[in-house]
Amino acid sequence: MVQAKLWAMIKHFDGFPKNSDFELKVEELPEPKDGEVLLEAEFLSVDPYMRPFSRFRMKEGDVMIGTQVAKVIQSKNPAFPVGSHVVSNSGWRTHTLSDGTGLIPVLSEWPKDMSLSLALGTIGMPGLTAVYGIEEVLGLQKGETLLVNAAAGAVGSVVGQIAKIKGCKVVGSAGSDAKVAYLKELGFDEAFNYKTVGSLEEALRKASPEGYDCFFENVGGSFSTAALQQMKNFGRIAVCGSISTYNDSEPQTGPYPYFTMIIKQLKMEGFMQSRWQHKHPETLKRLLAWVKEGKLQYREHVTKGFENMPAAFMGMLQGENTGKAVVAV
């Protein structure tokens, strides 16, 4: 018998999450049956989507949703031998009994000296999101100008670098001077701290006076309103996130951008990476190759200790992380 620790959401979040919304529990797991494996979490992900998804994907008392990199420590399933590593949607728990459904083996060519935590970040869901937003939704072309907000985060930092690989001008916004400096390190052509600029409209215009062909949207709210005014005619917008609205107790209303969209003939599309699941194996290999070649840099914000999952989650929602936020068990 193995004792599994797990974090349950005992109360739906009202506004910003609080420590009292979570409870650490322990449960006994039986030995694996035929076809089953026992997983032990090594790295767990905290992501913005968990905040809005918890409302309609979870009931009070459920284990918090989320992805982890786990090691197979017992196996009665030949597809997942003991010692192998998988990416699993097991949520916030240290140990999981699985029948193998939905487990994704870590790439066989994964370098020995590269942390497996990257399978939750640059070579994982955020990286996939960046690729599909750029290629499938925006159809970004060489020589175009791309705007990305939350640009120092897990998705935005990859978006900007892939756009540079494709020969584009990239403008990024972030919430601190240190993050702006990081974007410059990554090769962004222009970057600014949206919290300290006098006027967001002016900062966007100064960074790209000719406007923007494409906008990779992670933030929503007032940033989106300002950015749409700066789009070129026939501009394309990939809506990936709306983190500025996730913790609102009352839904934000207006202003509504439809007239701007009509006049500029803009195309705006919401998306999730799961739409292109059939492309994941090939796309993950491309991301790994870019990292190996040094074309994709990464930074991680690592919190140590499973007991610190709620703190890591809340810190990420407040923008404490540069790059991907992960918890090392």
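The values are calculated or read from the model by the stated rules, or taken from the named source; none is laboratory data. Owing to the predicted nature of the structure, the values given are computational and were not obtained by experimental measurement. Virtual Cβ from ideal backbone geometry, glycine too; neighbours counted across all protein chains shown. SASA here: full protein model, heavy atoms, side chains in, ligands and nucleic acids out. Shrake-Rupley method; radii C 1.70, N 1.55, O 1.52, S 1.80 Å.
If I go through the range 178-221 residue by residue, how many of them are of a type in the set (D, E, K, R) and farther than 24 Å from GLY127 by Cα?
Looking only at that region, the number is 6.
Return the only residue of GLU217, GLU210 being of a type in the set (D, E, K, R), in contact (Cβ under 8 Å) with a residue 60 or more places away in the chain and in contact with a Lys or Arg (Cβ under 9 Å, 6 or more places away or on another chain).
GLU210
For the range 44-68, which residues satisfy the criterion of being under 15 Å from the mean Cα position of the chain (by Cα) and not hydroxyl-bearing (Ser, Thr, Tyr)?
Just the residues of the range 44-68 that are under 15 Å from the mean Cα position of the chain (by Cα), to begin with: 44-53, 65-68.
Across the range 44-68, the qualifying residues are LEU44, VAL46, ASP47, PRO48, MET50, ARG51, PRO52, PHE53, ILE65, GLY66, GLN68.
Determine, yes or no, whether VAL131 is at pLDDT 95 or above, part of a loop (DSSP other than H, G, I, E, B) and either hydrophobic (A, V, I, L, M, F, W, C) or surrounded by 24 or more Cβ atoms within 10 Å (Cβ to Cβ) (or both).
The answer is no for VAL131.
From the residues in the range 187-204 that are among the acidic types (Asp, Glu) and more than 15 Å from ALA151 (Cα to Cα), which one is surrounded by the fewest Cβ atoms within 10 Å (Cβ to Cβ)?
My answer is GLU202.
Give the range 77-127 a look and list any residue that's crowded, with 22+ Cβ neighbours inside 10 Å and in a helix (DSSP H, G or I), or say none.
Result: SER117, LEU118, ALA119, LEU120, MET125, PRO126, GLY127.
Could you give every pair whose Cβ atoms fall below 6 Å, whose first residue belongs to the range 106-119 and is more than 22 Å from ASP47 (Cα to Cα), and whose second residue is modelled with pLDDT under 95 and open to solvent by 30 Å² or more (accessible area, probe 1.4 Å), counting only separations of at least 6 or pairs across chains?
Matching pairs, first to second residue: none at all.
Inspect the range 201-220 for any residue being of a type in the set (A, V, I, L, M) and within 20 Å of the chain's Cα centre (by Cα) and give the result as yes or no.
Scanning the range 201-220, I find at least one residue that is of a type in the set (A, V, I, L, M) and within 20 Å of the chain's Cα centre (by Cα), so the answer is yes.
Report yes if some residue within the range 246-258 is surrounded by fewer than 16 Cβ atoms within 10 Å (Cβ to Cβ) and at positive phi; otherwise report no.
Checked against the condition, which is being surrounded by fewer than 16 Cβ atoms within 10 Å (Cβ to Cβ) and at positive phi, the range 246-258 yields at least one hit.
Contact list please: Cβ distance under 8 Å, first residue in the range 5-19 and over 16 Å from PHE56 (Cα atoms), second residue basic (Lys, Arg) and crowded, with 19+ Cβ neighbours inside 10 Å, pairs at least six apart or on different chains.
LYS5/ARG93; LEU6/ARG93; TRP7/ARG93
Which one is surrounded by the fewest Cβ atoms within 10 Å (Cβ to Cβ), of the residues in the range 1-41 that are within 19 Å of ASN77 (Cβ to Cβ) and charged (D, E, K, R)?
It comes out as ASP34.
Residues that are out of contact with any Pro (no Cβ under 7 Å at 6 or more places or on another chain), open to solvent by less than 40 Å² (accessible area, probe 1.4 Å) and in a strand (DSSP E or B): does the range 156-168 have at least one? Before the answer, list the steps.
Step one: list which residues in the range 156-168 are out of contact with any Pro (no Cβ under 7 Å at 6 or more places or on another chain), which gives 156-157, 159-168.
Applying the additional criterion that residues be open to solvent by less than 40 Å² (accessible area, probe 1.4 Å) yields 156-157, 159-163, 167-168.
Subsequent filtering for residues that are in a strand (DSSP E or B) retains none.
No, the range 156-168 contains no residue that is out of contact with any Pro (no Cβ under 7 Å at 6 or more places or on another chain), open to solvent by less than 40 Å² (accessible area, probe 1.4 Å) and in a strand (DSSP E or B).
Within the range 49-61, does at least one residue satisfy the condition of being open to solvent by less than 10 Å² (accessible area, probe 1.4 Å) and under 27 Å from LYS324 (Cβ atoms)?
yes
Does the range 75-112 hold any residues that are β-branched (Val, Ile, Thr) and under 24 Å from the mean Cα position of the chain (by Cα), and which are they?
Selection gives VAL86, VAL87, THR94, THR96, THR101, ILE104, VAL106.
For residues that are more than 22 Å from ALA70 (Cβ to Cβ) and open to solvent by 10 Å² or more (accessible area, probe 1.4 Å), tally how many sit in the range 301-320. Quick ask: steps written out before the conclusion?
First, pick out the residues of the range 301-320 that are more than 22 Å from ALA70 (Cβ to Cβ): 314-315, 317-320.
When the remaining residues are screened for being open to solvent by 10 Å² or more (accessible area, probe 1.4 Å), the result is 314, 317-320.
Selection size over the range 301-320: 5.
Please name all residue pairs, on different chains or six or more residues apart, with Cβ atoms under 6 Å, provided the first residue is in the range 72-95 and is closer than 20 Å to ILE123 by Cβ and free of Cβ contacts under 8 Å to residues at least 40 places away in the same chain and the second residue is open to solvent by less than 40 Å² (accessible area, probe 1.4 Å) and part of a loop (DSSP other than H, G, I, E, B).
VAL72/PHE80; VAL72/SER84; ASN89/THR67
For the range 271-300, name all the residues that are under 28 Å from ARG51 (Cβ atoms), open to solvent by 40 Å² or more (accessible area, probe 1.4 Å) and either of a type in the set (D, E, K, R) or touching a Cys at 6+ places or on another chain (Cβ under 8 Å) (or both).
Hits for the range 271-300 are ARG275, LYS279, ARG299, GLU300.
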